[in-house]
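S.K.: Could you have a look at this structure, given as structure tokens, before my questions?
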């Protein structure tokens with residue numbers, strides 16, 4: 001079966017959780033979390049959970065494990081904590097939970113980011129993979145990065161990824 005045939009048989013609506021990883025964001029000023037929820041909903045997907053977590057590995061790991069235990073949940077999208085500062089621990093934390101890495105996601109995201117901002121794209125450690133049959137994306141927390149990741153990479157493939165991760 002071709003890529004296009006696989007994609008055609010993929011779900012058009014999936015259930016998602018959105019996690020904002022930040023020491024400073026609140027529900028009132030979490031522009032990126034709100035943007036992710038809006039884009040998912042507008043594309044016909046369901047947002048089943050939303051949380052803001054501090055940049056702390058234990059809290060991130062605990063929340064993701066809780067979400068992985070939710071049978072009906074299919075996708076987890078985190079934003080924030082993907083940079084190079086000592087407080088950025090999302091990538092290390094999530095990586096330890098992944099059963100399969102989707103290295104092409106980070107590579108493609110950084111390539112697209114390079115086209116927009118140049119060499120600063122090398123500081124992004126955007127990551128995706130599969131754990132417990134669920135697809136997990138870790139993207140930077142800026143609204144520009146969220147728009148790029150959702151519009152150019154995640155939304156076009158989310159159903160297909162869910163289909164493949166659950167086979």
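The values are calculated or read from the model by the stated rules, or taken from the named source; none is laboratory data. A quick note: this is a predicted structure, and the numbers were derived from the prediction, not measured. Cβ coordinates were reconstructed from backbone atoms using ideal geometry, including for glycine residues, and neighbour counts include every protein chain displayed.
S.K.: Across the stretch 138-156, what is the total count of residues that are part of a helix (DSSP H, G or I) and in contact (Cβ under 8 Å) with a residue 12 or more places away in the chain? Step through it out loud before you land on a result.
M.R.: The initial filter retains those residues of the stretch 138-156 that are part of a helix (DSSP H, G or I), namely 143-156.
After this cut, where a residue has to be in contact (Cβ under 8 Å) with a residue 12 or more places away in the chain as well, the list is 143-155.
Total meeting the criteria: 13.
S.K.: Inside the stretch 37-49, can you point out the residues that are buried (at least 17 other Cβ atoms within 10 Å of the Cβ) and out of contact with any helix residue (DSSP H, G or I) (no Cβ under 6 Å at 6 or more places or on another chain)?
M.R.: 37, 40, 45
S.K.: How many residues are assigned to a loop (DSSP other than H, G, I, E, B), in contact with a strand residue (DSSP E or B) (Cβ under 9 Å, 6 or more places away or on another chain) and modelled with pLDDT of 95 or more when one looks only at the stretch 26-49? Walk me through it before giving the result.
M.R.: Going residue by residue through the stretch 26-49, those that are assigned to a loop (DSSP other than H, G, I, E, B) are 26-30, 43-45.
Adding the requirement that they be in contact with a strand residue (DSSP E or B) (Cβ under 9 Å, 6 or more places away or on another chain) leaves 26-27, 30, 45.
The next check asks that each one be modelled with pLDDT of 95 or more; those that pass are 30, 45.
Adding up the residues that qualify gives 2.
S.K.: Here's something else I'd like to know. How many residues are part of a loop (DSSP other than H, G, I, E, B) and in contact (Cβ under 8 Å) with a residue 40 or more places away in the chain if we restrict to the stretch 73-88? Explain how you work it out, then say what you get.
M.R.: Let us first name the residues in the stretch 73-88 that are part of a loop (DSSP other than H, G, I, E, B), namely 73-74, 80-88.
Of the ones still in play, those that are also in contact (Cβ under 8 Å) with a residue 40 or more places away in the chain are 73-74, 80-84, 87.
Of the residues in that region, 8 qualify.
S.K.: Would you mind finding the one in 76, 64 that is crowded, with 19+ Cβ neighbours inside 10 Å, at pLDDT 95 or above, touching a helix residue (DSSP H, G or I) at 6+ places or on another chain (Cβ under 6 Å) and under 22 Å from residue 163 (Cβ atoms)?
M.R.: That would be 76, the only listed residue that is crowded, with 19+ Cβ neighbours inside 10 Å, at pLDDT 95 or above, touching a helix residue (DSSP H, G or I) at 6+ places or on another chain (Cβ under 6 Å) and under 22 Å from residue 163 (Cβ atoms).
S.K.: With the requirement that a residue be modelled with pLDDT of 95 or more and surrounded by fewer than 16 Cβ atoms within 10 Å (Cβ to Cβ), what does the stretch 81-96 give you?
M.R.: First, the residues of the stretch 81-96 that are modelled with pLDDT of 95 or more: 89-96.
Selection gives 92, 95, 96.
S.K.: Restricting attention to the stretch 93-137, which residues are in a helix (DSSP H, G or I), within 13 Å of the chain's Cα centre (by Cα) and touching a residue at least 24 places away in the same chain (Cβ under 8 Å)?
M.R.: Within the stretch 93-137, 94, 95, 105, 109 meet the criteria.
S.K.: OK, next. Within the stretch 8-24, restricting attention to residues that are surrounded by 15 or more Cβ atoms within 10 Å (Cβ to Cβ) and more than 16 Å from the chain's Cα centre (by Cα), which residue is farthest from residue 69 (Cα to Cα)?
M.R.: Quick first cut of the stretch 8-24, residues surrounded by 15 or more Cβ atoms within 10 Å (Cβ to Cβ) only: 10-11, 14-22.
Applying the additional criterion that residues be more than 16 Å from the chain's Cα centre (by Cα) yields 10-11.
Numbers: 10: 23, 11: 21 Å.
Once the filter is applied, the top-ranked residue is 10.
S.K.: Further, regarding this structure: Within the stretch 50-59, take every residue that is out of contact with any strand residue (DSSP E or B) (no Cβ under 6 Å at 6 or more places or on another chain) and assigned to a helix (DSSP H, G or I) and give me the one that is surrounded by the most Cβ atoms within 10 Å (Cβ to Cβ).
M.R.: Among residues in the stretch 50-59 that are out of contact with any strand residue (DSSP E or B) (no Cβ under 6 Å at 6 or more places or on another chain) and assigned to a helix (DSSP H, G or I), the one surrounded by the most Cβ atoms within 10 Å (Cβ to Cβ) is 57.
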